[in-house]
Amino acid sequence: MFANKTWFLRLTMALAVAMSLFHLYIAWFGPPNAFTLRATHLGFALALAYMTLPITAARKDRSPNLLDIALLVAAIAATAYPIINLQYFSTRMAYVGPVSLADQAFAVVAIVTVLEATRRAVGPILPITALFFLGYQIFFTDADITRLLEYQYMTTDALWGVPLQVSATYVVLFVIFGAMAERFGIGKLFMDFALALTGHTAGGPAKVAVVTSGLFGSVSGSAVANVMTTGTFTIPLMKRIGYPAPFAGAVEAVASTGGQIMPPIMGAAAFVMAEFMGVGYLTVAAYALLPALLYYLAVFLAVHFEARKQGMKGLPRADLPRVGKVLKDEGHLFLPLVIIIATLMSGYSAPFSALAGILSIVPVVLLRKTTRKEFTFRKLIEALESGALNSVIVAMACATAGIVIGVIAQTGLGLTFTGLVKAAAQDMLLPALILTMMAGIVLGMGMPTTPAYIVQVALLVPALVNLGVSIPAAHMFVFYFAILSAITPPVAIAVYAACGVARSPVVPTSIAAVRLGLTGYIIPFMFVFGPSLLLIGEWPKVVMTAITASLGVTFLSAGLAGYLFRPAGLLVRILLIAAAFTLIKPGLLTDAIGLGLGVLGVLLNRREPDPDHTAEVDLSGDEHVKMSDLETGEN
């Protein structure tokens with residue numbers, strides 16, 4: 001379409017940078033009217049979507065065709081209409097004021113362009129879901145089409161609702177922060193720090209993957225982005241010391257997925273959760289802290305026991321960075337994260353805290369000679385462009401999720417669904433939790449974490465709360481399973497990404513990922529039955545719950561791996577797994593039984609014969625891993 005591709009690419013970059021600068025500006029000076037902020041944010045996202053995302057995956061040409069341009073112009077017109085008619089939109093009374101033909105036309109255009117852009121950004125499942133809900137309202141209720149369009153487009157409860165508001169105020173800033181952190185060497189710091197800490201231990205590269213993915217994932221908030229960033233280095237290293245390709249890919253996929261639940265930044269859905277629950281983001285991060293640590297403890301122990309069972313060694317210390325040197329040369333790059341946490345704890349809003357972190361990155365990089373070379377003006381522009389482009393997916397997902405929420409709110413479908421869940425579970429909590437888990441995984445398979453979580457909040461969280469689950473535990477429960485869909489077959493998107501890097505078959509990698517991440521499927525049940533795991537309640541009980549849960553995770557990881565201090569026989573594995581499941585439900589009796597079973601399993605394992613492990617994998621000779629291999633990502 002465009003003869004001069006360079007001109008078009010520069011235009012795209014200029015628009016993306018303008019979007020980032022707009023959000024940095026409002027983070028400093030405060031947001032404008034709700035319609036202005038959300039419509040401008042969506043307008044930028046739609047324009048970038050139609051400029052960068054092809055109509056089909058088969059079409060590789062990045063420049064738009066005539067259809068793309070028509071949709072782009074229509075999208076800009078639909079998002080500009082509320083801004084141009086701001087007083088009319090802000091002062092009219094819903095269901096009372098008239099809805100003109102122009103209002104209805106722009107509403108239809110907005111919905112159509114949002115759904116098509118979402119299809120290009122995240123695939124067909126989410127827009128199909130939205131069409132399903134719209135079809136239900138149109139054909140199976142006594143809905144007035146005019147009032148449907150009014151509610152969707154002319155109020156701040158549907159398309160312009162909470163999901164889009166969170167995307168426009170919270171998420172985009174943290175996405176920009178993540179893009180800048182990656183460009184200016186913070187990701188390299190995480191890798192070097194993890195190598196220095198764990199690279200020399202048994203199965204060191206797998207532990208590096210766990211630690212690095214936890215650190216980087218807490219910044220990126222995206223499982224796939226995490227796999228493609230850290231997995232490029234960690235997966236070849238794991239394969240080099242003897243891990244099978246499916247296991248290496250599974251470790252990275254599971255570790256990367258957990259980044260969305262790891263404070264301080266977590267994934268986009270965490271910001272939506274704070275808004276829905278009416279609490280500060282720091283409170284949500286506190287709820288997530290212990291479960292996230294347990295998740296990573298489970299993965300870390302799983303790879304440790306597997307390495308010990310296979311007789312694997314770590315990387316040679318001589319080829320690894322030293323902790324002291326890493327902290328001396330690069331440790332100051334932790335400061336932006338420290339600034340974000342400190343700003344949040346000082347009572348400032350999440351957007352302002354993100355802004356503080358963003359503004360600190362360049363001065364911090366320039367602080368030391370060892371990292372000063374990382375900064376160039378071109379990198380700064382590229383980071384602003386990347387931040388805006390990466391936020392397009394979240395913006396489109398949130399806008400479409402808002403359409404679904406609008407239907408649920410306008411039709412009362414949420415109350416109906418709550419009744420169905422309670423009836424199916426026969427008012428028993430455990431069956432309701434299992435049904436919710438299955439629904440969360442299925443929803444998460446077809447859409448990103450954020451919209452999957454939002455739909456569950458409207459449909460499933462009320463049912464759990466009605467059955468006695470605390471509000472934080474109910475929200476965290478559905479949040480977890482929306483995330484875990486990234487490693488759950490058949491649509492395990494993080495596993496697919498890892499398979500591409502590891503060059504491993506999908507089925508064995510998926511099976512290994514489910515086994516490694518099994519504890520993640522159990523942790524939500526643990527904090528439903530014991531909210532103290534969410535740091536709710538008296539501290540002695542919180543500490544006791546953390547200790548017993550950690551023991552349960554250790555027993556489960558050892559039982560599944562078949563190794564504790566030495567290879568475990570069938571009886572010991574059964575005892576360890578039984579101990580782990582008994583420790584799920586807090587209480588003196590269950591804790592005592594679980595500890596008793598666990599201690600018995602440990603004692604029996606101590607007495608089991610230790611087979612000869614003379615065939616340990618050695619990294620000498622041709623298999624010796626050099627830091628130059630790590631830096632180039634050689635496979």
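For this structure, a couple of remarks:
- Efficiency of FRET from Cβ geometry, residue 338 and residue 10, R₀ 30 Å, rounded to 0.05: 0.25
- Basic side chains Lys and Arg get +1 at the Cβ, acidic Asp and Glu get -1 at the Cβ, and with that the dipole of region 537-608 about its Cα centre reaches some 180 debye.
- Taking a ≥ b ≥ c as the square roots of the eigenvalues of the Cα gyration tensor, region 9-132 is classed as oblate, since a/c reaches at least 1.5 and a/b does not exceed b/c.
- A dipole drawn for region 232-355 from +1 and -1 charges on Cβ atoms has a positive end, and of 292, 307, 332 the residue lying farthest that way is 307.
- Across region 537-608, the mean sequence separation of Cα contacts (distance under 8 Å, 6 or more residues apart), normalised by length, yields a relative contact order of 33 percent.
- In this Cβ point-charge picture (+1 for Lys and Arg, -1 for Asp and Glu), the chain has a dipole of about 920 debye about its Cα centre.
- Since only 100, 450, 257 are under comparison, the one whose Cα sits farthest along the positive direction of the charge dipole of the chain, derived from C-beta charges on Lys, Arg, Asp and Glu, is 257.
- Folded to 0 to 90 degrees: helix 245-257 orientation relative to the chain principal axis, Cα: 50 degrees
- Rounded, prolate or oblate (a/c below 1.5 giving rounded, otherwise prolate when a/b exceeds b/c) for the chain by Cα gyration tensor: oblate
- Estimated FRET transfer efficiency (residue 536, residue 21; beta-carbon r; R0 25 Å; 0.05): 0.05
- Taking 0.36 nm per residue of separation and subtracting the Cα-Cα distance, full extension of the segment from residue 91 to residue 322 would add 76.9 nm.
- Relative to the dominant Cα principal axis of the chain, helix 518-529 is inclined by about 70°.
- For region 537-608, the alpha carbon convex hull comes to 69 Å³ per residue, rounded to a whole number.
- Order of 377, 271 under a 10 Å beta carbon neighbour criterion, fewest first: 377, 271
- Put the Cα centre of region 268-306 next to the Cα centre of region 423-467 and the gap is 18 Å.
- Which of 510, 213 has the fewest Cβ neighbours within 10 Å, and the rest in rising order: 510, 213
- Exposure proxy for 422, 369: other Cβ atoms within 10 Å of each Cβ, ordered fewest to most, give 369, 422.
- Furthest towards positive pole of dipole, 556, 589, 571, structure part region 537-608, Cβ charges: 571
- For peptides 302-309, 148-155, 93-100, 399-406, sequence by mean Cβ density within 10 Å, most packed first: 399-406, 302-309, 148-155, 93-100
- Cα centroid of region 479-514 to Cα centroid of region 550-584, whole Å: 24 Å
- The chain: angle of helix 125-140 to the longest principal axis, Cα-based, in degrees nearest 10: 50 degrees
- Expected 222 nm ellipticity per residue - DSSP helices of 4 or more, -39500 (n - 2.57), all of the chain, to 500: -24000 deg cm²/dmol
- Here region 66-88 is scanned for amide nitrogen atoms under 15 Å from the site 7 Å beyond the Cα of residue 100 along Cα-to-Cβ, giving 78, 80-88.
- FRET efficiency for the pair residue 369 and residue 142, taken as 1/(1 + (r/R0)^6) with r the Cβ-Cβ distance and R0 = 56 Å, rounds to 0.20.
- Residues whose amide H lies under 5 Å from that of residue 563, counting only those 5 or more places away or on a different chain, are 568; hydrogens are built 1.01 Å from N in the peptide plane.
- Estimated translational D of region 371-413 in µm²/s (Stokes, Kirkwood radius over Cα pairs; 10 °C; 1.306 mPa s): 122 µm²/s
Readers should treat all values here as calculations from the given coordinates under stated rules, not as data from a laboratory. Since this is a predicted model, take the numbers as computed values, not measurements. As a convention, Cβ positions derive from the backbone with ideal geometry for all residues, glycine included, and neighbour counts pool all protein chains shown.
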